[in-house]
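The structure appears right after this line, and notes come after that.
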Amino acid sequence: MYQLVLTAGILLVYFGYYLRLFNRRRLPLPPGPTGLLWAGNLFQIPKHYQAKVMAQEWSPKYGDVIYFHVFGRQFVVLNSVKAVEELLIQRGTIYSYRPHLVMAGDLVGRSMRTTLFHQPTGDRLRKLRTYLTQALHPKAAPEFWRIMEQECGLFLESLLRTPADFIFHARKNSGASTLKVAYGVTIKDNSDPLIILAASLSRLTTVAAEPGRWLVDSFPWMKHIPSWLPGAGFKRWAAHSCQLSTEFTDKPFDDAKLALANGFGTASFVSQSLESLKDKNFGVNLENEEDVIKVAAASIYAGGSDTTVSVVCTFFLMMALHPDVLRKAQAEIDEVVGVERLPSIADQHQLPYIEALIKELHRINPVTPFVPHSLAQEDEYRGYRIPKGAWVSANNWAILHDPSLYKNPEEFNPERFLGHEPEVDPLRFSFGYGRRQCPGNHFANAFVYFAIAQTLSTFDILKPMGLDGNEYAPDGTFDDGHISHPHPFKCRVIPRANKLSLIPSST
């Protein structure tokens, strides 16, 4: 009798499971524009400012969860905090995957081997994140913070020497800081071969990962087309990009490893991580462990360089456009820090207006307008079917310009994050979601803090002067790249007379 009841129970469980699976497949997809049979929504996707258009035009029509498809590739865009938190965070076990990109992953990235950001979920990803989290936590590696402070001093010196090149200097500061932290190398200027290689690779990988750009992402069989065939230029482009990717991943790591072995290693993520292996017995897996460290080191530059440049350039633009904010920030620094030294990392939490300013920079121009995830199995949400393997992207622009979260979201106003009832902290969204949150967020925050606080302490940032001798407001708009930057603009960067002596090599 017991055996019969047990068998019946098991059958009921299986029946219930398959009934639920069958019903789920009959569920409708989330609302979205009606597409063509063969191309899907190819001709309806906005060509420019996709995140903004999907927030302001698509969301009122279709809601905060939108579905569309292109050549069989399925996309779901989440335009609200509620949808993002319920899917990417609360259901992180199935939404913690990255979309499989044939161009960026298989062709350029050698099957996801060269960076953290396209790694599939699994043991290798967990190891990568563990190394980065342990090394880049502020309490774990104060020497990395000293590196950033030293590089920021060189940044101030460059601003004093050629202030019109502030964007150029911001890029050099970011690249030099991340490469020195990762490998212990010192970058003298932007003509350094390593920083040229890194900058080239950054541009190429951004293009390689651009959604909808490559047919091979929708038709994976195309990756087997011989590169010599007419029309296979994408294969030749991918081969060149892969060569640069491999060179950047391997060479600085090998140089740092050799220097460490010869007793010349300097403080860096690579030297610290390799030293930690000495007390562990990996046996035949030692090479695999070193490869994980190699990829993690490359990810420090890939994830930290262009993103921090975006925030710092947005800072220069906003200060030129909002002199009242500039004066309030400088007044706070002068009061708390004084005029005899530069702000240090120890001052950070004593400068609430500076912290609010940094939050507002992240909000007004989200560094990554979209944050793509993918799911490992079909899911159901609000009575809709979310297909397995679909791109499920958080629309950060929509969230950070949501009037239900931020009053007058188009206004630049750091004070929204001060007082007894501050608005929602945008840093909750700026570094990703759930199990895919950026493990280097402390590092990135520290870099941005140094650049902004020390620049405010020593320089005024003013509107540019026209040919007629009058000030004019720079164009306060942003591009729509995978990583968003201000459009090219000018401003005047002038040293503050009472702080001139604090700038390295200014005396």
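Going through segment 367-431, which GluC sites (Glu not before Pro) have at most 11 other Cβ atoms within 10 Å and a DSSP loop state?
Details: sites: GLU378, GLU380, GLU410, GLU411, GLU415, GLU423; in loops: GLU378, GLU410, GLU411, GLU423.
Passing sites in segment 367-431 are GLU410, GLU411.
At 0.36 nm per residue, and after removing the present C-alpha to C-alpha distance, how many nm does the segment from THR121 to HIS487 gain when stretched out fully?
Values: separation 366, 0.36 × 366 = 131.76 nm, distance 3.54 nm.
Once the chain is fully extended between THR121 and HIS487, it gains 128.2 nm.
When a footprinting reagent is the concern and you count Cβ atoms within 10 Å, what order do ASP217, ASP324 take, fewest first?
Numbers: ASP217 26, ASP324 7.
Least to most surrounded, the residues fall as ASP324, ASP217.
Here is the link list: LYS328/LYS499; LYS82/LYS407; LYS52/LYS490; LYS127/LYS278. Which ones come out longer than 21 Å on Cα distance? Can you show the working numbers first?
Values: LYS328/LYS499 17 Å; LYS82/LYS407 18 Å; LYS52/LYS490 25 Å; LYS127/LYS278 17 Å.
Pairs exceeding 21 Å: LYS52/LYS490.
Please sort by residue number the chymotrypsin sites (Phe, Trp or Tyr not before Pro) in segment 50-104 whose DSSP state is loop and whose Cβ has at most 15 other Cβ atoms within 10 Å. Mind showing how you got there, number by number?
Numbers: sites: TRP58, TYR62, TYR67, PHE68, PHE71, PHE75, TYR95, TYR97; in loops: PHE71.
Those that pass, being in a loop and sparsely packed, are PHE71.
Rounded, prolate or oblate: pick one for segment 27-502, where a ≥ b ≥ c are the square roots of the eigenvalues of its C-alpha gyration tensor, a/c under 1.5 means rounded, and failing that, prolate if a/b is larger than b/c, else oblate.
Cα axes put segment 27-502 in the oblate bin.
Just tell me, in residue order, which DSSP H segments of the chain are both 15 angstrom or longer along the helix axis (alpha-carbon based) and at least 0.0 in mean Kyte-Doolittle hydropathy. Please list the in-between numbers first.
Values: long enough: 2-26 (36 Å, 0.46); 123-136 (20 Å, -0.72); 142-161 (29 Å, -0.03); 166-183 (25 Å, 0.03); 193-208 (22 Å, 1.54); 233-261 (42 Å, -0.40); 286-321 (53 Å, 0.86); 323-337 (21 Å, -0.20); 352-364 (18 Å, 0.11); 441-458 (26 Å, 0.61).
Long hydrophobic helices here: 2-26, 166-183, 193-208, 286-321, 352-364, 441-458.
Run lengths n ≥ 4 of DSSP H only: what is the helix-derived mean residue ellipticity at 222 nm for the chain, with -39500 (n - 2.57) per run over all residues, to the nearest 500?
Numbers: 18 runs with 241 residues, N = 507.
After summing the helix terms and dividing by residue count, I get -15000 deg cm²/dmol.
Please report the base-10 log of the normalised intensity I(q)/I(0) for segment 292-420, using a Debye sum with one equal scatterer per alpha carbon and no solvent, at each q in 0.13, 0.18 (1/Å).
-0.76, -1.10
DSSP loop trypsin sites (Lys or Arg not before Pro) in segment 195-301 with at most 14 other Cβ atoms within 10 Å of their Cβ, which ones?
ARG213, LYS278, LYS280
Have a look at VAL312, LEU326, ASN285 and report the one farthest towards the positive end of the charge dipole of segment 275-361, computed about the Cα centre with Cβ charges (Lys/Arg +1, Asp/Glu -1).
Positive-end residue among those listed: LEU326.
Decide, for segment 145-187, between rounded, prolate and oblate: order the square roots of the alpha carbon gyration tensor eigenvalues as a ≥ b ≥ c, take rounded if a/c falls under 1.5, and otherwise choose prolate if a/b is larger than b/c, else oblate. Can you show the working numbers first?
Working: a/c = 2.88, a/b = 1.88, b/c = 1.53.
Since a/c reaches 1.5 and a/b is larger than b/c, the shape of segment 145-187 is classed as prolate.
May I ask what percent, to the nearest 5, of DSSP beta bridges between residues of the chain are antiparallel? Walk me through the intermediate numbers first.
Working: 22 of 26 bridges.
In the chain, approximately 85 percent of DSSP beta bridges are antiparallel ones.
Tell me, what is the FRET efficiency for ASN470 and GLU415 to the nearest 0.05, using R0 = 35 angstrom and their Cβ-Cβ distance as r?
0.75
Can you list the lysines whose alpha carbon is less than 19 Å from that of LYS188, not counting same-chain residues fewer than 8 positions off?
Filter leaves LYS172, LYS180, LYS251.
Every number in this text was worked out from the coordinates using simple rules, so none of it is lab data. This structure is a prediction, so every number in the text was calculated from the model and none was measured. For neighbour counting, all protein chains shown are included, and Cβ atoms are generated from backbone atoms with ideal geometry for every residue, glycine included.
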